[in-house]
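The values are calculated or read from the model by the stated rules, or taken from the named source; none is laboratory data. Remember, predicted model here, so these are calculated numbers, not experimental data. Ideal geometry is used to build each Cβ from the backbone, glycine not excepted, and the neighbour counts take in all protein chains shown. Surface accessibility is based on the protein's heavy atoms, side chains included, excluding ligands, DNA and RNA. Shrake-Rupley method; radii C 1.70, N 1.55, O 1.52, S 1.80 Å.
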There are 2 protein chains.
Amino acid sequence: MFEFLTNRRTVRNYSDKKIDAALIEKILEAAAQSSNTGNMQTYSVVVTTNDEIKKQLVPAHFNQPMVTQAPVVLTFCADFNRFSQWCKQRNAKPGYANFQSFMAAAIDAIIFAQTVAVAAETAGLGICYLGTTTYNAQEIIEALQLPELVVPVTTITLGYPEVIPPITDRLPLQSVVHYERYTDFTPEKIGAIYAEKEQLEFYKNFVAENKKETLAQVFTDVRYTRKNNEFFSEKFLKALQQQGFMK
Amino acid sequence: MFEFLTNRRTVRNYSDKKIDAALIEKILEAAAQSSNTGNMQTYSVVVTTNDEIKKQLVPAHFNQPMVTQAPVVLTFCADFNRFSQWCKQRNAKPGYANFQSFMAAAIDAIIFAQTVAVAAETAGLGICYLGTTTYNAQEIIEALQLPELVVPVTTITLGYPEVIPPITDRLPLQSVVHYERYTDFTPEKIGAIYAEKEQLEFYKNFVAENKKETLAQVFTDVRYTRKNNEFFSEKFLKALQQQGFMK
């Protein structure tokens, strides 16, 4: 029943085939029926296909080639701009220049984005999420001319797959599911959960290539370092402030 | 092609029919194949069916009846606990006690939650998101005994529909979609976008019941007030701090 979800893979290489604009509209229309906060729909998406504008987005995404190679780049935003403008025009005082409103809008945007991803994959398209969006929100805000109370929270590159990559491994389900309350992990359980992953040839090569002792060190020392995380935390909080969400 | 997405409705009234535990596992397993940050899977879900524990969650969700009426309550968490424990056991120093890591983990959790929602609806179940999760995260943390680096970001109540409610209205697609770059709204465009919604009998009654002049005022003065948003902003930031995400 769930093959359309279990059989998916992230696609980073796209064929030259363009995506029909009508298909993109249908995907977005379908996704807009997803849940959102109080039916305020406090999200938006910027659909970018223009090469010049995609080039302006590339550095914000650390030059990942998907941004220019994919025919379509979708930037999903937490958006209280449209709603607040409506309030002002209707003799109502919007009170959404705060962190809680940002969180609600960010959740709306991600729910919408993931439904877009599911719909796109159902239509034979391939997608890749770009986590760099919250790293360099400021540069994306400039490139896409996002006004106050609009902050990008994630990006999806979209296109027909050039090749179908293998399905990516996941941890055993017990790693992410807790019953009734949260059951914290024992060292033994952590060992058991990660055992299979650490034995995969793919990850063993990953450790060797990065000249590290353990797979975990590749994450902490190379891919997601404390120094970078702290730097980009400051930067993202500044973007929230600048877009008016921290008053 | 997208009827499984366009034909959905939020379900707030559930029948007495229990959900097979094996079905819940299949739904969660399917959703775990969704995208996540760097394949770290920095999310978790607490599956609560026990009446006593559900009762402890109720006040955090402002006594919304779905929490006790639904056979299953799913609390989705941004979770860097398991990953950080693994790092420590593998001679790696985790650097995830910061806001950027919280954002990445929150996005992982919401992507996972929305895929759970889609899978559940495909299986004939009904779902309702509870936005109250970020309002009263602190109380949920206590009820579910969430450790450091675990913060709840959304909740879904799950059950078989007692009745099938009507599909909820959405704004015209142009309200949420921008092409190439963001095009800010003119007063005329705002008027056009909201015209149909404001004419719906449902919303006209909503305005009358709340003794307001405009629908927007129901949102700003009753449902999502500035005072509440500011209060719950402080509260959620404190929860992030207490769980160790703002170092």
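Before moving on, here are some points about what is shown:
- Listed residues B:Thr48, B:Thr155, B:Thr186, most fluctuating in chain B (Gaussian network, C-alpha, under 10 Å): B:Thr186
- Mean per-residue shielding of peptide A:100-113 is 6, counting Cβ atoms of other chains within 10 Å of each Cβ.
- Distance between segment A:218-239 and segment B:202-247 - C-alpha centres, whole angstrom: 31
- Placing +1 on each Lys and Arg Cβ and -1 on each Asp and Glu Cβ, with no other charges, gives segment A:3-166 a dipole about its Cα centre of roughly 260 debye.
- Largest GNM mean-square fluctuation across B:Glu29, B:Glu196, B:Glu52, computed for chain B with C-alpha springs under 10 Å, falls on B:Glu196.
- A simple rule links phi to the HN-Hα coupling: the Karplus curve 6.51 cos²θ - 1.76 cosθ + 1.60 with θ = phi - 60°, which for segment B:33-39 gives 7, 4, 4, 7, 6, x, 6 Hz, with x for Gly and Pro.
- Highest-first arrangement of B:97-105, B:204-212, A:34-42, where packing means the average Cβ count within 10 Å: B:97-105, A:34-42, B:204-212
- Total accessible surface hidden between B and A, rounded to 100 Å², 1.4 Å probe: 10500
- Residue by residue along A:235-244, Cβ atoms of other protein chains within 10 Å of the local Cβ number 1 on average.
- At the residue level, B:Glu3 shows approximately 140 square angstrom of accessible surface with a 1.4 angstrom probe and all protein chains present.
- Taking label positions 7 Å along the Cα-Cβ direction at both A:Thr168 and B:Arg181, the computed distance is 3.2 nm, reported to one decimal.
- Accessible carbon and sulfur surface of chain A relative to its total accessible area, %, 1.4 Å: 51
- Shielding value for B:182-189 is 5, the average number of Cβ atoms from other chains within 10 Å of each residue's Cβ.
- Accessible area per residue (1.4 Å probe, heavy atoms of protein chains only) ranks A:Glu198, A:Glu25 as A:Glu25, A:Glu198, with the largest value leading.
- Length gained on full extension, A:Asp20 to A:Phe4, computed as 0.36 nm times the residue gap minus the Cα-Cα distance: 3.6 nm.
- The mean accessible area for residues of segment A:83-230, using a 1.4 Å probe and ignoring ligands and nucleic acids, is 40 Å² per residue.
- Take B:74-85, A:122-133 and order them by the average number of nearby Cβ atoms within 10 Å per residue, most first; the result is B:74-85, A:122-133.
- Centroid-to-centroid separation of segment B:98-151 and segment A:56-111 [C-alpha atoms, Å]: 20
- Over 29 Å apart at the Cα level, from the set A:Lys235/B:Lys54; A:Lys18/B:Lys26; A:Lys26/B:Lys17; A:Lys55/A:Lys235; A:Lys88/B:Lys54; A:Lys55/B:Lys238, are A:Lys235/B:Lys54; A:Lys18/B:Lys26; A:Lys26/B:Lys17; A:Lys88/B:Lys54; A:Lys55/B:Lys238.
- For segment A:63-182: rounded, prolate or oblate by the Cα gyration tensor [a/c cutoff 1.5]: oblate
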